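Contents: one structure, followed by commentary.
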C-alpha cells in the first residue's frame, strides 16, 4: 500500500498538530500518489475546515511517521 501521510494543525493553535494518512493501491505506485495527493488533500480539507495541512508526502505504508 502507498500512504499519503500528512500533518494537519488547528487554525486557532498552529502548534496543535496531528498526523493523518490516506491509502492508495500500490499498483499505481508513488507516482500516482504524488499526482493525486494534492487533490485528495483538498477534498480532505473541505471536510475539516478547522485545520490546515502543514506538510505531506507519499511513502510506502509500512514506514514510520516523520521518517524518510
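The values are calculated or read from the model by the stated rules, or taken from the named source; none is laboratory data. These figures come from a predicted structure and were not determined experimentally. Neighbour counts are summed over all protein chains in view; Cβ atoms, including those assigned to glycine, are modelled from backbone coordinates with ideal geometry.
Quick notes on this one:
- Residues located in the range 48-68, provided they are at pLDDT 85 or above and more than 14 Å from the chain's Cα centre (by Cα): 49, 50
- Cross-chain or 6+ apart pairs with Cβ under 8 Å, the range 39-51 first and farther than 12 Å from residue 4 by Cα, then at pLDDT 95 or above and exposed (fewer than 10 other Cβ atoms within 10 Å of the Cβ): 50/12
- Taking the range 1-34 as the range and being in a helix (DSSP H, G or I) and exposed (fewer than 12 other Cβ atoms within 10 Å of the Cβ) as the test, the residues that pass are 27, 31.
- Among the conditions (1) surrounded by 11 or more Cβ atoms within 10 Å (Cβ to Cβ); (2) part of a strand (DSSP E or B); (3) modelled with pLDDT of 90 or more, the only one that residue 37 does not satisfy is (2).
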